[in-house]
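Q: Once you've had a glance at the structure underneath, I'll fire off some questions.
The values are calculated or read from the model by the stated rules, or taken from the named source; none is laboratory data. The structure displayed is predicted, hence computed values, not measured ones. Backbone-built Cβ (ideal geometry, glycine too); neighbour counts: all protein chains shown.
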Amino acid sequence: MARWLVAHVRARRIARCLGAAVVTASGLLSAPIDIPYASADPCPDVEVVFARGKTEAAGVGGIGQPFVEALRSQLAGRSVGVYAVNYPATDFPTTAQGMNDASGHLESMAANCPNTRMVLGGYSPGAAVIAYTTGVTQCRG
């Protein structure tokens, strides 16, 4: 539980640094979806990109799924897409694969869905994936 709290605090600091790139909670919709967003679908209002932690099951993982559900409950009336970063999540050296996958998805979303707000999150090495993908390696505040 303490590791989750530390990751949560770090994620909040990163969110402050990202400012407008991170959506604050305020209403949500439908059941959780644990599959990547398909480009043929219409653009969601909000897209959650989450990198799971070490040894968690494929998808957004055991920490990411409750995060997505909590966000959905705060974003009523808005469509929410979920993208699980595809990487081995075995240890911190695998973050390069996650960074490539996450950055590719973020670039695609920015080009194809410019009005979609992005929420980025990760747990354990997944947090490192997101931090390095966005260039946030240190945040004060």
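Q: Can you find a residue in segment 87-98 that is out of contact with any Pro (no Cβ under 9 Å at 6 or more places or on another chain), over 16 Å from PRO44 (Cα atoms) and either in a helix (DSSP H, G or I) or in contact (Cβ under 8 Å) with a residue 40 or more places away in the chain (or both)?
A: Yes, there is a match, as at least one residue in segment 87-98 is out of contact with any Pro (no Cβ under 9 Å at 6 or more places or on another chain), over 16 Å from PRO44 (Cα atoms) and either in a helix (DSSP H, G or I) or in contact (Cβ under 8 Å) with a residue 40 or more places away in the chain (or both).
Q: Residue by residue through segment 99-123, note down the ones that are of a type in the set (Gly, Ala, Ser) and either surrounded by fewer than 22 Cβ atoms within 10 Å (Cβ to Cβ) or part of a helix (DSSP H, G or I) (or both).
A: Correct list: ALA102, SER103, GLY104, SER108, ALA110, ALA111.
Q: Could we say that GLU56 is among the acidic types (Asp, Glu) and in contact with a Gly (Cβ under 7 Å, 6 or more places away or on another chain) here? Break it down stepwise before answering.
A: Values: among the acidic types (Asp, Glu): yes; in contact with a Gly (Cβ under 7 Å, 6 or more places away or on another chain): yes.
When the stated conditions are applied, GLU56 passes them.
Q: Identify, by number, the condition in (1) in a loop (DSSP other than H, G, I, E, B); (2) at pLDDT 90 or above; (3) among the hydrophobic types (A, V, I, L, M, F, W, C) that VAL136 doesn't meet.
A: Unmet for VAL136, out of (1) in a loop (DSSP other than H, G, I, E, B); (2) at pLDDT 90 or above; (3) among the hydrophobic types (A, V, I, L, M, F, W, C): (2).
Q: Let me ask you something else. Identify, by number, the condition in (1) free of Cβ contacts under 8 Å to residues at least 24 places away in the same chain; (2) part of a helix (DSSP H, G or I) that ALA131 doesn't meet.
A: (1)
Q: What residue, among those in segment 76-88 that are surrounded by fewer than 16 Cβ atoms within 10 Å (Cβ to Cβ) and farther than 17 Å from THR116 by Cβ, is farthest from the chain's Cα centre (by Cα)?
A: Residue satisfying both the conditions and the ranking: ALA76.
Q: Here's a follow-up. For segment 54-64, indicate whether the set of residues that are out of contact with any helix residue (DSSP H, G or I) (no Cβ under 7 Å at 6 or more places or on another chain) and crowded, with 22+ Cβ neighbours inside 10 Å is non-empty.
A: Yes: segment 54-64 contains one or more residues that are out of contact with any helix residue (DSSP H, G or I) (no Cβ under 7 Å at 6 or more places or on another chain) and crowded, with 22+ Cβ neighbours inside 10 Å.
Q: Right, another one. Is it the case that some residue within segment 53-75 is touching a Leu at 6+ places or on another chain (Cβ under 8 Å), more than 13 Å from VAL119 (Cβ to Cβ) and modelled with pLDDT of 85 or more?
A: Taking segment 53-75 and keeping what is touching a Leu at 6+ places or on another chain (Cβ under 8 Å), we get 71-75.
This time we only want the ones that are more than 13 Å from VAL119 (Cβ to Cβ), so: 73.
Subset that is modelled with pLDDT of 85 or more: 73.
Yes - at least one qualifying residue is present in segment 53-75.
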